[in-house]
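Since the structure comes first, as structure tokens, the remarks are kept for the end.
The values are calculated or read from the model by the stated rules, or taken from the named source; none is laboratory data. Being a predicted model, the structure only gives us computed values, none of them experimental. Quick reminder, even Gly has a Cβ in these numbers, built from the backbone with ideal geometry, and neighbours come from all protein chains shown.
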């Protein structure tokens, strides 16, 4: 593995205006991040960083992406005030409606950007990993739109509980390959996708789905999701008479949806709260370690072996977290908490029955934390990133509720 040596002096405490800016030249947020990758992938990561920097500075590329986000993905996504739920809890609850994007989640923002970048780099094949299937569906969708070959790796366990999304990917023309090793969930799908990328790097782009992996992925994916944070800030100020929400909450697995919405409020006085699953709380239970090309908080045993994560949600079933989240936690700019599966199910049902909005199990974690903390949040305004809709989870929840009845 290769990683540039860190500087001997610790990073200076950032000025608030520099929160969620660029990483250091070696791809670090504080001590986290970097490139812990085989020598064979180093040229690909350097090429990708150069290509992204060039594209991101190109008004033509930005205009094409903005057009796709508007006319294909359906941006801007609306901000919804939960009147009945707010009355019930005593907390003014707002939802950033990423569930209403084309393909049903925030994932399309990142994927459309990376697909355009793939075309710009002259490659013809997309490789992706997926847990809950939403990133896989978004990648398969972009591949169909742009005429790319597409291979999506998915843990065997996740393929069973997300059968509908497996069908959607295949219907879109993607090949879905199961990951049979380890826990047969998201971590193992990432392993398989990285192996594929090593072998096919000349013709393939690895369309990584979260703010994780080797530099430039954590930074690049966050920048591609910044659009939702910028929208949410403008929409909140319009609704709240120029004010920001008191608290901004998002679920965290790898952490892309949280990074996107946090980026819009990092330089404000809003509190930032990430919510992890109790069985996969990398920040709450982990220690610094290396996984999938990055240094971050990671669930490990006493000899450094990666522990298996557990979550009712396939999209949060990951033992690590994006390095920028590790940095935000370490410097105290964001707080991270965990909720258990029962709390998530209660939140899933509560939002459905009070507002007529069925959330994905992932953002139901964020709502579960708000419901649990309603007493301390009373009278405050809380913005939740509703990062996906619950169509994909209805069959799973139906089975769980049937077994409990």
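Restricting to the stretch 310-332, name every residue that is buried (at least 24 other Cβ atoms within 10 Å of the Cβ) and not in a helix (DSSP H, G or I).
Step one: of the stretch 310-332, the residues buried (at least 24 other Cβ atoms within 10 Å of the Cβ) are 311-328.
If the condition is that a residue be buried (at least 24 other Cβ atoms within 10 Å of the Cβ) and not in a helix (DSSP H, G or I), then 311, 312, 313, 317, 318, 319, 320, 321, 322 are the ones that fit.
For the stretch 45-60, name all the residues that are touching a helix residue (DSSP H, G or I) at 6+ places or on another chain (Cβ under 6 Å) and closer than 19 Å to residue 228 by Cβ.
Initially, the stretch 45-60 is screened for residues touching a helix residue (DSSP H, G or I) at 6+ places or on another chain (Cβ under 6 Å), giving 51-52, 55.
The one that is touching a helix residue (DSSP H, G or I) at 6+ places or on another chain (Cβ under 6 Å) and closer than 19 Å to residue 228 by Cβ: 52.
Against the definition (farther than 24 Å from residue 215 by Cα, in the same structural domain as residue 252 (by TED's automatic domain parsing) and crowded, with 17+ Cβ neighbours inside 10 Å), how does residue 281 come out, yes or no?
In short, no.
Residues are listed down the side, and each one gets a yes or a no for (1) at pLDDT 95 or above; (2) in the same structural domain as residue 32 (by TED's automatic domain parsing); (3) closer than 19 Å to residue 271 by Cα; (4) more than 20 Å from the chain's Cα centre (by Cα):
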site: 341; (1), (2), (3), (4): yes, no, no, no
site: 348; (1), (2), (3), (4): yes, no, no, no
site: 354; (1), (2), (3), (4): yes, no, no, yes
site: 367; (1), (2), (3), (4): yes, no, yes, no
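Restricting the search to the stretch 89-131, which residues are within 30 Å of residue 379 (Cβ to Cβ) and either surrounded by fewer than 23 Cβ atoms within 10 Å (Cβ to Cβ) or more than 15 Å from the chain's Cα centre (by Cα) (or both)? Full working, then the answer.
Our first condition is that a residue be within 30 Å of residue 379 (Cβ to Cβ); within the stretch 89-131, this holds for 89-100, 106.
Result: 89, 90, 91, 92, 93, 94, 95, 97, 100.
Does at least one position in the stretch 105-114 carry a residue that is in a helix (DSSP H, G or I) and over 28 Å from residue 43 (Cβ atoms)?
yes
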